[in-house]
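*Asks:* Take this structure, written in structure tokens, and hold onto it; I'll ask about it next.
The values are calculated or read from the model by the stated rules, or taken from the named source; none is laboratory data. Bear in mind that the values here come from a model prediction, so they are computed numbers and not experimental data. So basically every Cβ, Gly included, is an ideal-geometry build from the backbone, and we count neighbours across all protein chains shown.
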Amino acid sequence: MTTDTSSAAPCACGNHAGQRAIDIHAHFYPKEYLDAVAAHGEAAGAHFVDLKGTQALKVGPLFTGPIADRFIDLDMRLEDMQQSGVSSQLLSLTQPMVYWADERLADHLSAVFNDALAAAHQKAPEQLFGFATLPMQFPDRAIAEAKRVAQIPGIKGVYLGTAINDTNLSDRSFWPVYAVLEELGLPIFLHPLKVVGMTDRLSEYFLANILGNPFDTAIAAAHLIFSGVLDAFPKLQIALPHGGGALPFLLGRISHGWSVRPECVHLETDPRAYASRFYYDTITHDEKALAYLIEQVGVDRVLLGSDYCFDMGLEQPRKAVETLDVLNDAEKSQILGLNAKELLKM
């Protein structure tokens, strides 16, 4: 049953108060997943840490916490959605994901999380949907889980790291997974996990997130372009977080490198042309940056995102779109929800 949030004060959402807002970037730590990590993860290096009464999770260099109740409790989430004017969320797991686990545990944790997505959708079928987690370090297992979740109501795509442990997404071992995802019509939403530089030059001042996340997204996108993944799977849809990270602002440099460097001549098409193959969320923290992103890739490639409920996210994600003067009302409606509705077949 959907939680009654009628007592919550609605968001002041301007001229688009009636527009369905679909947030594609919202994180979820179901209790079932956390319990499974606690029960089976210790031997694989997963450790829970107490942060003044709230748990955090550490796996190698990845540290996630505090994992506040709002990440777990769906009733609290639905209330927050009411407050922010978000109609629907696409729930996704984030670090440490399941890539640190052995084959059996990774497969188990993926299934536990994905089944929790199904339960969340059953609880609020018009509001909560999910991006499934796959044990990508074991491609055969990932393929089997992708085929399973494609039959589960409410699952609208899959969530992958910008790298799988230390392996780039261009690696040929992942191509059979991409083939299946393309065939199943399951879009991919990427998110940084173990980012470049996080254990050395970006280890201070939260720079692994502030700088490392957008850099790692650009690295992943470049690998997908130059490796031929996007050419080999022309119907595969991929969304990039945090406004595409550094990618939109480096398109000119990437294009120039392609035109002069022998390492890049194998690509027949200017890599700038591939920018519109990706989708991008709205989390740029700067209206000029968001306007530039839209100018570079087109309004039809941009989707609403919040990064719920991390402090690096947006508490009022609609505001970034509704206050952007370069957009007309129809374009704002596209970004708020119509683009996601079309992409995810909602």
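*Asks:* Within the stretch 265-309, track down each residue that is touching a helix residue (DSSP H, G or I) at 6+ places or on another chain (Cβ under 7 Å), free of Cβ contacts under 8 Å to residues at least 24 places away in the same chain and within 16 Å of residue 243 (Cβ to Cβ).
*Replies:* Of everything in the stretch 265-309, just one residue is touching a helix residue (DSSP H, G or I) at 6+ places or on another chain (Cβ under 7 Å), free of Cβ contacts under 8 Å to residues at least 24 places away in the same chain and within 16 Å of residue 243 (Cβ to Cβ), namely 298.
*Asks:* State all residues of the stretch 151-169 that are assigned to a loop (DSSP other than H, G, I, E, B), at negative phi and under 18 Å from the mean Cα position of the chain (by Cα); if no residue qualifies, say none.
*Replies:* 162, 169
*Asks:* Might you check whether a residue that is assigned to a helix (DSSP H, G or I) and either polar (S, T, N, Q) or over 30 Å from residue 77 (Cα atoms) (or both) occurs anywhere in the stretch 299-315?
*Replies:* No - not one qualifying residue is present in the stretch 299-315.
*Asks:* A further question follows. Would a scan of the stretch 318-333 turn up a residue that is among the polar types (S, T, N, Q), assigned to a helix (DSSP H, G or I), over 19 Å from the mean Cα position of the chain (by Cα) and over 13 Å from residue 243 (Cβ atoms)?
*Replies:* Within the stretch 318-333, one or more residues are among the polar types (S, T, N, Q), assigned to a helix (DSSP H, G or I), over 19 Å from the mean Cα position of the chain (by Cα) and over 13 Å from residue 243 (Cβ atoms).
*Asks:* Looking at residue 64 and the list (1) at pLDDT below 95; (2) within 30 Å of residue 227 (Cα to Cα), which single condition is not satisfied?
*Replies:* Of (1) at pLDDT below 95; (2) within 30 Å of residue 227 (Cα to Cα), only one is false for residue 64: (2).
One line per residue, one yes/no per condition, for (1) in contact with a Pro (Cβ under 9 Å, 6 or more places away or on another chain); (2) among the aliphatic types (A, V, I, L, M); (3) surrounded by fewer than 24 Cβ atoms within 10 Å (Cβ to Cβ); (4) closer than 29 Å to residue 173 by Cβ:
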| residue | (1), (2), (3), (4) |
| --- | --- |
| 60 | yes, no, yes, yes |
| 65 | no, no, yes, no |
| 70 | no, no, yes, no |
| 104 | no, no, yes, yes |
| 131 | yes, no, no, yes |
| 134 | no, yes, no, yes |
| 152 | no, yes, yes, yes |
| 157 | yes, no, no, yes |
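*Asks:* Within the stretch 27-131, which helices (runs of 4 or more DSSP H) (wholly inside it) include 3 or more residues that are under 30 Å from residue 322 (Cβ atoms) and not basic (Lys, Arg)? Reasoning before the result, please.
*Replies:* Details: elements: 31-40, 69-72, 74-84, 103-123.
Here the list reads 69-72, 74-84, 103-123.
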